[in-house]
1. Just the residues that are of a type outside the set (G, A, S), assigned to a strand (DSSP E or B) and either in contact with a helix residue (DSSP H, G or I) (Cβ under 7 Å, 6 or more places away or on another chain) or closer than 16 Å to G12 by Cα (or both), please, taken from the stretch 46-71.
2. Counting only residues that are exposed (fewer than 10 other Cβ atoms within 10 Å of the Cβ) and among the aliphatic types (A, V, I, L, M), which one in the stretch 46-71 is modelled with the lowest pLDDT?
3. Looking at the stretch 72-88, can you tell me whether even one residue there is touching a residue at least 60 places away in the same chain (Cβ under 8 Å), hydrophobic (A, V, I, L, M, F, W, C), outside any strand (DSSP E or B) and buried (at least 17 other Cβ atoms within 10 Å of the Cβ)?
4. Just checking, how many residues over the stretch 1-45 are surrounded by 13 or more Cβ atoms within 10 Å (Cβ to Cβ), at pLDDT below 90 and part of a loop (DSSP other than H, G, I, E, B)?
Amino acid sequence: MQNKREKHIIYGVHVQDRLSRVPDVQALLTEYGCNIRSRIGLHHVDNNVCSHQGLILLEMFGDEAECRKLAAKLTALDGVEVQQMIFDHQPD
């Protein structure tokens, strides 16, 4: 079996006014759910405030072109920014 180089793709999704953006963002995350290996949602919360901004970290899986489609669709939403980290490595 030939060792194939794989990419480990992580997206950081910054959401402004997250309470009003939730339906559109969630719809896309559901649509591309089979391409998301891990998902972590972060936002500031304490006894006095629940932040209107949020950060979602996505560890992607599968076809790289499909992963890029999700990033493009998220970026097209008002108030949503996507940044990426890509690590190129040999599989174990």
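1. We begin by selecting, within the stretch 46-71, every residue of a type outside the set (G, A, S); these are 46-50, 52-53, 55-61, 63-64, 66-70.
The next check asks that each one be assigned to a strand (DSSP E or B); those that pass are 50, 55-60.
Across the stretch 46-71, the qualifying residues are L55, I56, L57, L58, E59, M60.
2. Step by step, filter the stretch 46-71, then rank; the result is V49.
3. Pass one, the stretch 72-88, residues touching a residue at least 60 places away in the same chain (Cβ under 8 Å): 74, 79-88.
Now restrict to residues that are hydrophobic (A, V, I, L, M, F, W, C): 74, 80, 82, 85-87.
With outside any strand (DSSP E or B) added as a condition, the list becomes 74.
After this cut, where a residue has to be buried (at least 17 other Cβ atoms within 10 Å of the Cβ) as well, the list is 74.
Looking through the stretch 72-88, at least one residue is touching a residue at least 60 places away in the same chain (Cβ under 8 Å), hydrophobic (A, V, I, L, M, F, W, C), outside any strand (DSSP E or B) and buried (at least 17 other Cβ atoms within 10 Å of the Cβ).
4. Counting residues in the stretch 1-45 that are surrounded by 13 or more Cβ atoms within 10 Å (Cβ to Cβ), at pLDDT below 90 and part of a loop (DSSP other than H, G, I, E, B) gives 2.
The values are calculated or read from the model by the stated rules, or taken from the named source; none is laboratory data. Note that the coordinates shown come from a computational prediction; the quantities given were computed from them, not determined experimentally. Because the Cβ atoms are built from the backbone with ideal geometry, glycine has one as well, and the counts that use them run over all protein chains shown.
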